[in-house]
Amino acid sequence: MDSWSDVKLFHTGDEFFASLTEDIQNAQENITIESYIFDMDKLTDNILHELSHAVKRGVSVKLILDGFGSYTSIPQILKFCQHHGIELRVFHILPYPSSWLRRMPAFEILGKASWWRRMNRRNHRKIVIIDEKTAYVGSLNFTQIHCEKYVGAKAWRDTGARMQGPAVKQLVTATQITYLRTIYKGILSWISRWRIPQTPLNSAIQLNTTQKMRKHLYRDILRRISHSKTRVYITTAYFLPKRSLLRVLIRAKERGVDIKLLIPEKSDLPFSQWAAFFLVRFLIEKKIPVFEYQKSILHAKTMVIDDDVYVGSFNLNYRSLFHDLEVIAHFRDSHTLSNMLNQWETDLGHSKNITARSFSWLTRVLAKIAFRLRYML
């Protein structure tokens, strides 16, 4: 199994982007950034200029952005990239009113393709690869909302990881395939996907590039929870899983496993939070502790299953299960486990236990409406 030789976790955007900026400054050969959201703000202005300096040093720089998540920023980013020699690719681009944008390679095929059938398929991954040796993954998009430096106490709580080791090559292949899918369609796209082998949950990287891999990943998550012996700590920004996951959590609880769930009290997507109402209430009724993070918006996506740690972009919701491209990094070393358990205790200190919470009739009505649309959330 490929593994990591060096791992560092970040639980704030300030630390994450400071480390990333330093690695960009030291890059020698290539930089690939794959992100769902890439805003134009003070944080990304600094990062874009560091990328432009890297291009001047002879470094190859590629940006692969999602056409929906980065929709409002793409026109400005495109102008910057064209001026500074940065290659920009857009995953499932959406129509723009500006005719000049139609010159983009990804946009030329729009008139020939049934783009409205693909617009629900998004690239939700957050991956940065430096010189094919260092990789960053996690739940942090390229936006200043993650950093106290720019927004103060309103900064979102996120988790990211910097890794080195043989497993980086799996991420290199994954970003290459996404890159190809922004250019080629049809049979070439399908051939490119086959380059990624099926990976079990105990491997260093889990991806869901194909439908088969999606099913494989979800079944492995269920298997790992089903075989857990000591603890299952889940932190997720959007909790809307299939009922099969609830069943394995309840059975693990009945076996004596320490099961805890941490979700946000405030969400950037209230509709999704309402939809999760029935499932959260169901877990509460089964005596599974559910905590709501109070300090700010919780956006992290992590799991601790026994002594294994998982960090990535994967939410326990229908979008991650059925629609979006996601990535999960798997860590098995004691240092990472200790770090994550310490952060877990810190997060619980900023949370409240809602096991005895009562829900108003209005919340119940909104939740019922939202739950009917869970497949899209």
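The values are calculated or read from the model by the stated rules, or taken from the named source; none is laboratory data. Since the model is a prediction, treat every value here as computed from it, not as a measurement. Only protein heavy atoms, including side chains, enter the accessible area calculation; ligands, DNA and RNA are left aside. Shrake-Rupley method; radii C 1.70, N 1.55, O 1.52, S 1.80 Å.
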By the Kirkwood definition, with r running over pairs of different Cα atoms, segment 1-88 has a hydrodynamic radius in Å of 14.0
Partner aspartates and glutamates whose C-alpha sits under 14 Å from that of Lys260, ignoring same-chain residues fewer than 8 away, are Glu285, Glu292, Asp306, Glu345, Asp347
Above-threshold pairs, the threshold being 31 Å between Cα atoms, out of Lys169/Lys295; Lys79/Lys126; Lys42/Lys295; Lys126/Lys266; Lys215/Lys287
Lys169/Lys295
Karplus-derived HN-Hα couplings along segment 30-36 (A = 6.51, B = -1.76, C = 1.60, θ = phi - 60°), whole Hz, x at Gly and Pro
8, 9, 10, 10, 10, 8, 6
With the other protein chains left in place, how much accessible area per residue, in square angstrom, belongs to segment 1-77 at a 1.4 angstrom probe?
42
Per-residue HN-Hα couplings for segment 14-27, Karplus 6.51 cos²θ - 1.76 cosθ + 1.60 at θ = phi - 60°, whole Hz, x for Gly and Pro?
4, 5, 4, 6, 5, 5, 4, 4, 5, 5, 4, 5, 9, 4
